[in-house]
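Read through the structure below, which is laid out as structure tokens, and then see the notes.
The values are calculated or read from the model by the stated rules, or taken from the named source; none is laboratory data. Because the structure is a prediction, the values reported are computed rather than measured. FYI the Cβ positions are ideal-geometry reconstructions off the backbone, even for glycines, and counts take in every protein chain you see. What goes into the accessible areas is simple: the full protein's heavy atoms, side chains included, and nothing from ligands, DNA or RNA. Shrake-Rupley method; radii C 1.70, N 1.55, O 1.52, S 1.80 Å.
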Amino acid sequence: MGQLALRMSLFLLGIAILPGAGPARSAAGGERAGQVMTVTGLVPPTSLGLTLPHEHLLIDSRLPDEAEDTWALAGRRRPTDERALAIYRAPLAMDLLGPVALGSDNRDNWLLDSEETARRELAEFRSFGGRTLVELTSRGLGRDLAALGRLAAATRVQIVAGAGVAPPPWGAAGHGPDVAALTRELLADLLTGEEGVCAGVIGELRVLDPASERDRRLLTAAARASRTSGAAIVVTPPGRGDPGAEATAILDLLAAAGADLRRVALGRAERLAKDLPRLTALLARGPYLLFDALGEWPHVNTLVSDHDVAVALRELGRAGYDTQLLVSQGVAAKTRLKAYGGGGYAFIPEQYRPYLRKLGVNEGELQALLATNPQRLLTLAAPQGDAR
């Protein structure tokens, strides 16, 4: 698309392109293509190094109220007995780590709001070779782009922010914005940003029901914004039914809306780690598979272990899909931080990379998994059309 045509498309969508405006001007001219947008500006893809493609540094996923339907929308079960309520309401402390790890809800656990804690945990990640982290907190869940900029400057870890839409109950339920409004919202994050800080990827998009009108609108808007901006899409299936069918339905919707499936990362792929035929069927359509719940404490309710994921990664690599695999931890709660006994953001470089080596994953495959593949995902493509 020519510069004039793209400017007209963005104008029709209601996104102002101001003369001399840095981020918007670059997008209008396609000048971002081939680079990666971080919270501190554009960088060459080769500078990314070891990259985590789905994490949360600052997030508030506490429920906005205690109504029964709010709990249901969040996919959480409301505690009712006295002990469960006491655990839920108490500040997270050492004596609660055990029950919370086994699934007891704790309101304080859902809040990551300390920049100082995030700074220490990021510094730990960098000490083990980590260089880039993708922060996928959406509006409505405590996203703070200015704080991400401060963290990147303080730790020398490059941070890529996501342009996402919070799901119910944190965002609009049921009859939310139409496709055009959603597209404008995503493009504003990607091309204009907040005080000059732009997102560099579309996501996290949390799908609740691929058959719903709400999610059809969301995925259609994401496909249009991706084509216009060149940004990739990171989407999380709901996990409430058959994970293979859910992932397939999401890909069908994105493809029908014009998305390039090679620019899509499907999250929570670990749910299918024991079903290689279904994983390969998804990979054959072109997307990345993102195994993004690594490093969680194993317990009696664990269905798929980090070992199961490691075996799947090894076998998929041997089958020729090593260029489409991604790993991350999806940290979004205090119990996942090192400060609270978890693996932190350093889990993959510190513990999981050596474990993959032990299982026979070679250095070339590790390089692809931890650096080359996320680098390719995050590199902005040339705009492919308008968002009508």
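Scanning the range 366-374 finds one or more residues that are open to solvent by 40 Å² or more (accessible area, probe 1.4 Å) and closer than 19 Å to Ile159 by Cα. If you go through the range 312-334 and pick out every residue that is in contact (Cβ under 8 Å) with a residue 40 or more places away in the chain, surrounded by fewer than 18 Cβ atoms within 10 Å (Cβ to Cβ) and in contact with a Leu (Cβ under 7 Å, 6 or more places away or on another chain), you end up with 1. Each residue in the range 63-106 was checked for being part of a helix (DSSP H, G or I), open to solvent by 80 Å² or more (accessible area, probe 1.4 Å) and closer than 27 Å to Gly140 by Cβ, and 3 pass. Just give me the residues in the range 336-351 being surrounded by 20 or more Cβ atoms within 10 Å (Cβ to Cβ) and either touching a Gly at 6+ places or on another chain (Cβ under 7 Å) or at negative phi (or both), in sequence order. Arg336, Leu337, Gly342, Gly343, Tyr345, Ala346, Phe347, Ile348, Pro349 - these are the residues of the range 336-351 that are surrounded by 20 or more Cβ atoms within 10 Å (Cβ to Cβ) and either touching a Gly at 6+ places or on another chain (Cβ under 7 Å) or at negative phi (or both).
Quick grid of which residues meet (1) among the small types (Gly, Ala, Ser); (2) modelled with pLDDT under 95; (3) surrounded by 22 or more Cβ atoms within 10 Å (Cβ to Cβ):
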residue: Ala223; (1), (2), (3): yes, no, yes
residue: Thr228; (1), (2), (3): no, no, yes
residue: Ala231; (1), (2), (3): yes, no, yes
residue: Val235; (1), (2), (3): no, no, yes
residue: Ala245; (1), (2), (3): yes, no, no
residue: Ala255; (1), (2), (3): yes, no, no
residue: Ala259; (1), (2), (3): yes, no, yes
residue: Ala265; (1), (2), (3): yes, no, yes
residue: Asp275; (1), (2), (3): no, no, no
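Please work out which residue is modelled with the highest pLDDT, limiting yourself to the range 183-207 and to residues that are in contact with a Pro (Cβ under 7 Å, 6 or more places away or on another chain), more than 16 Å from Gly140 (Cα to Cα) and open to solvent by 10 Å² or more (accessible area, probe 1.4 Å). Looking at the filtered set, the residue picked out is Thr192.
Per-residue answers, yes or no, for (1) charged (D, E, K, R); (2) out of contact with any helix residue (DSSP H, G or I) (no Cβ under 7 Å at 6 or more places or on another chain):
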{"residue": "Ala166", "(1), (2)": "no, yes"}
{"residue": "Glu213", "(1), (2)": "yes, yes"}
{"residue": "Ser226", "(1), (2)": "no, no"}
{"residue": "Gly244", "(1), (2)": "no, no"}
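Scan the range 253-281 residue by residue and report those that are part of a helix (DSSP H, G or I) and either within 14 Å of Arg206 (Cα to Cα) or within 20 Å of the chain's Cα centre (by Cα) (or both). Matches in the range 253-281: Leu253, Leu254, Ala255, Leu261, Arg262, Arg263, Ala269, Glu270, Arg271, Leu272, Leu279. For the range 151-178, a residue qualifies if it is farther than 21 Å from Arg76 by Cβ, modelled with pLDDT of 90 or more and either in contact with a strand residue (DSSP E or B) (Cβ under 9 Å, 6 or more places away or on another chain) or buried (at least 18 other Cβ atoms within 10 Å of the Cβ) (or both), and the qualifying residues are Leu151, Ala152, Thr155, Arg156, Val157, Gln158, Ile159, Val160, Ala161, Gly162, Ala163. Inside the range 128-143, residues that are at pLDDT below 95 and open to solvent by 10 Å² or more (accessible area, probe 1.4 Å) make up a count of 4.
The condition (being of a type outside the set (D, E, K, R), touching a residue at least 12 places away in the same chain (Cβ under 8 Å) and touching a Phe, Trp or Tyr at 6+ places or on another chain (Cβ under 6 Å)) is satisfied by just one residue among Ala101, Ala84: Ala101.
All of Ala180, Ala231 fail the test of being in contact with a Leu (Cβ under 6 Å, 6 or more places away or on another chain) and not basic (Lys, Arg), apart from Ala231.
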